[in-house]
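Enquirer: Have a look at the structure that comes next, please.
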Amino acid sequence: MKSENVFDTLKNRGYLAQVTHENEVRELLAEPGAVFYIGFDPTADSLHVGHFVQMMVMAHMQKAGHKPIALMGGGTGMIGDPSGRTDLRQILTTDNIKNNVSRFKEQMKILLDFADDKAVMVDNADWLLDLNYVSFLRDIGAHFSVNRMLTAECFKQRLEKGLSFLEFNYMLMQAYDFLVLSRRYNCQLQLGGDDQWSNILAGVELVRRKDQKNAYGMTFKLLTTSAGTKMGKTASGAVWLDANKTAPFDFYQYWRNIDDADVINCMKILTFMSLDEISAYAELKDQAINRGKKKLAYEITRIVHGIDTAKDVQKQAEELFEGEGQSERMPETLLNEAALKDGILLLDIMLEADLIPSKGEGRRLIKQNGISLNDVKVSDLNQMLTTDDFRQGDLILRKGKKVYHRLKMIT
C-alpha cells in the first residue's frame, strides 16, 4: 500500500496556507527525494514554539523521504527581517549571531535526523557576508522592481512608520539564498510561515528568471488561537524550547492550560498523533476535554524535552492540581537564611523566580487576591519574608489557581 503524499498529510493536518504551484508541488512530493529548505534567523539564543511548527513540517517531510536544509541566517540576521514587524529589529553583533546559530543547530536535532546526509545545516553567512555590493546589485538587484516590492505585505505595514534601506535589502538577500541553495543542493522548494510569503515569492521568481529552473514556495499557518491571536506568549515572555529559558514544567503547563477550542488544532500541528486518535479526542466535551489537554501537553513535552522529563512534569502537575496541592518536584527558589534575617521583599523573590515580569504586575496580582502563601492570601504590597516565616518549614507560594512554587530556606 502506497503511503500518503506528504503534501496531503500537511494539508489534512491543517498546516498549509499558500502554495505557488499546487499541482507541481504535489507531484514533486509524491516520490521521495525532493530537496527543500526553511530559514531561521538567529534573533535569540533559543528557538520558540512558533519555530516548532516549522520544525514539525520539516520532520513530516523528512519522514516521507525528502531532504531538509535547515538554513541558519547568520548573514540575514545581520539585517533583520521586517516581516510582521512595526519597528526596526535590534541589530545583533557577530558574536551574538554565532552563539545563537550554535544553539539553533542543537535544537534542530530534536526533530531532524542529520546522519548520513539525510538533512543538512548551512549558514547563509558563508555566501552573504563576502558579497561584492556592486556585483550583487548588477546580478540580483536588476531582477527586482521597487514598485512591486513596495506592494509586498512585509513592507506595506512599515511604510507609515519608516522602512530603513537596511531592511529593504532583506528580500533580495532571502531570494538570493534560494538561488544559492538551488545551485549547490538542487533545492526546489522553499517553505516558511505565512508571514514569509512575499519573501518566498521573490526567491521563487529569482531562481526561475536567473536559471530557468523549477522553483516553488509553500507557506504554513502561523501558530494562533481560534480567535486569531498568536500563541506561544506568556506573562514572562515567549515559550522557548530551551529548558533554561522555559522550564519543562512551565512548558507542559502552557499546553495544559490552553483554551478548549485550540486543543485539536494543536494536536494536529504540534504532535505526531494520528488523525484517527485526534478525532476521538475531538468528541470530548466540557470537563472531559481536560484529558485531551493532558495528552497534548505530554506529547509536545515528550518531543521537546524527552519522555522521562515529560512523565516527571506530568506527574508533578497531577500531584499539584489533582492531589492536595503539594509536589516534591514543584519548582523552587532557595533563600539564604542570612539574607532572610533582615527580610526579603516578596515581590523581589517573585521577580527573581520569574513568576512575574515586573513588580507592577506583582502588585496588581496582590490587589486582585492572586497571590497566596500556604493558602493564605497576601494583602500587603510590601510583605517581607523573614526567618520567622520558615519556622514550620517550606512555604508554598501560589499565583492564581495553577502556578505553584516552593520557597525553601537554606543555611
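The values are calculated or read from the model by the stated rules, or taken from the named source; none is laboratory data. Owing to the predicted nature of the structure, the values given are computational and were not obtained by experimental measurement. Note that each Cβ is placed from the backbone with ideal geometry, even for glycine, and that neighbours are counted across all protein chains shown. We work out accessible area using only protein heavy atoms, side chains counted, and drop any ligands, DNA or RNA first. Shrake-Rupley method; radii C 1.70, N 1.55, O 1.52, S 1.80 Å.
Enquirer: Considering only the chain, what is the antiparallel percent among its DSSP beta bridges, to the nearest 5?
Expert: Among the beta bridges of the chain, antiparallel pairing accounts for roughly 45 percent.
Enquirer: Something else now. Based on the Cβ-Cβ distance from D45 to Q383, what FRET efficiency comes out when R0 is 30 Å, to the nearest 0.05?
Expert: Values: r = 35 Å, r/R0 = 1.15.
Once the sixth-power term is evaluated, E becomes 0.30.
Enquirer: Another question about this same structure. Which of F321, L345, G360 sits closest to the plus end of the dipole of the chain, meaning its Cα is farthest towards the positive end, when Lys and Arg get +1 and Asp and Glu get -1 on the C-beta?
Expert: The residue sitting most towards the positive pole is G360.
Enquirer: Rounded to the nearest 500, what is the chain's calculated 222 nm mean residue ellipticity when only DSSP H runs of at least 4 contribute -39500 (n - 2.57) each, over all residues?
Expert: Calculated from helices alone, the mean residue ellipticity at 222 nm is -12500 deg cm²/dmol.
Enquirer: Could you do me a favour and compute the accessible area per residue for the chain, 1.4 Å probe, result in Å²?
Expert: Per residue, the chain has 49 Å² of solvent-accessible surface.
Enquirer: Of all accessible surface on the stretch 192-246 at a 1.4 Å probe, what whole percent is carbon and sulfur?
Expert: With neighbouring chains kept in place, the figure for the stretch 192-246 is 45 percent.
Enquirer: Carbon and sulfur: what percent of the stretch 259-411's accessible surface (1.4 Å probe)?
Expert: Here carbon and sulfur together make up 44 percent of the probe-accessible area.
Enquirer: If you take Cα extents along the principal axes in Å from the coordinates, which of (1) 70, 45, 42; (2) 77, 53, 40; (3) 53, 53, 46 do you get?
Expert: Step by step, Cα extents along the principal axes in Å for this structure corresponds to label (2).
Enquirer: Placing +1 on the Cβ of each Lys and Arg and -1 on the Cβ of each Asp and Glu in the stretch 167-218, which of Q190, G203, L179 has its Cα farthest towards the positive end of the resulting dipole?
Expert: Toward the positive end, the furthest listed residue is L179.
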